[in-house]
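This report refers to the structure that appears directly beneath it.
The values are calculated or read from the model by the stated rules, or taken from the named source; none is laboratory data. Here the structure is a predicted model, which is why all the values come from computation and not from measurement. FYI the Cβ positions are ideal-geometry reconstructions off the backbone, even for glycines, and counts take in every protein chain you see.
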């Protein structure tokens, strides 16, 4: 864990999370609207009603390209977003208000990219499959104890589950003709 970085803690679902997202969405639209090529979406566990999560609202904003959206990076600092070159080939990643205490994560992702489609599919699958959401919640609680002081290891340990569910969700989203191919 980076010195002073917050540990991984999973808390009960908070009914305030959707409102916190909506408030932030409005701020983002007013600040980086010219660089948006798609919607601003609430993703991750805080976007799934009833699901326990890290108390960090995950937001994904669709941009035309990473290069074209670079000017937005400076403006986001005015909303207390801290930029980090985490996965710089696929997104611009931010946390707010600091790396040591996070209330929000922001992902600027090319609209329609595999990352965009996958994040939406995963969220929507959990929203409509409560048994899978419960399975994910239990996995996160176990991994949070195991990797309490290592956010990256926690994220990597969840990856096989997230990949499996995302693939199922994308397969389910295809038409019956496409699934038989």
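Structure notes:
- Any chance residue 118 is touching a helix residue (DSSP H, G or I) at 6+ places or on another chain (Cβ under 7 Å), touching a residue at least 40 places away in the same chain (Cβ under 8 Å) and assigned to a strand (DSSP E or B): no
- Exactly one residue out of 19, 50 is under 18 Å from the mean Cα position of the chain (by Cα) and on the phi > 0 side of the Ramachandran plot: that is 50.
- Residues of region 58-73 include at least one that is within 24 Å of residue 145 (Cβ to Cβ) and in contact with a strand residue (DSSP E or B) (Cβ under 6 Å, 6 or more places away or on another chain).
- Qualifying residue in region 152-160 (condition: within 25 Å of residue 84 (Cβ to Cβ), buried (at least 19 other Cβ atoms within 10 Å of the Cβ) and touching a residue at least 24 places away in the same chain (Cβ under 8 Å)): yes
Quick grid of which residues meet (1) outside any strand (DSSP E or B); (2) within 24 Å of residue 121 (Cα to Cα):
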{"site": "15", "(1), (2)": "yes, yes"}
{"site": "30", "(1), (2)": "yes, no"}
{"site": "37", "(1), (2)": "no, yes"}
{"site": "55", "(1), (2)": "yes, yes"}
{"site": "66", "(1), (2)": "yes, yes"}
{"site": "71", "(1), (2)": "yes, no"}
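- Single residue of region 97-109 satisfying the filter (surrounded by fewer than 20 Cβ atoms within 10 Å (Cβ to Cβ) and free of Cβ contacts under 8 Å to residues at least 60 places away in the same chain) that is nearest to residue 5 (Cα to Cα): 98
- Every pair of residues 6+ apart whose Cβ atoms lie under 6 Å, when the first sits in region 7-22 and is closer than 19 Å to residue 98 by Cα while the second is surrounded by 13 or more Cβ atoms within 10 Å (Cβ to Cβ) and at pLDDT below 95: 8/151
- Candidate set: region 39-49, residues that are touching a strand residue (DSSP E or B) at 6+ places or on another chain (Cβ under 9 Å) and not in a strand (DSSP E or B); chosen: the one nearest to residue 144 (Cα to Cα): 45
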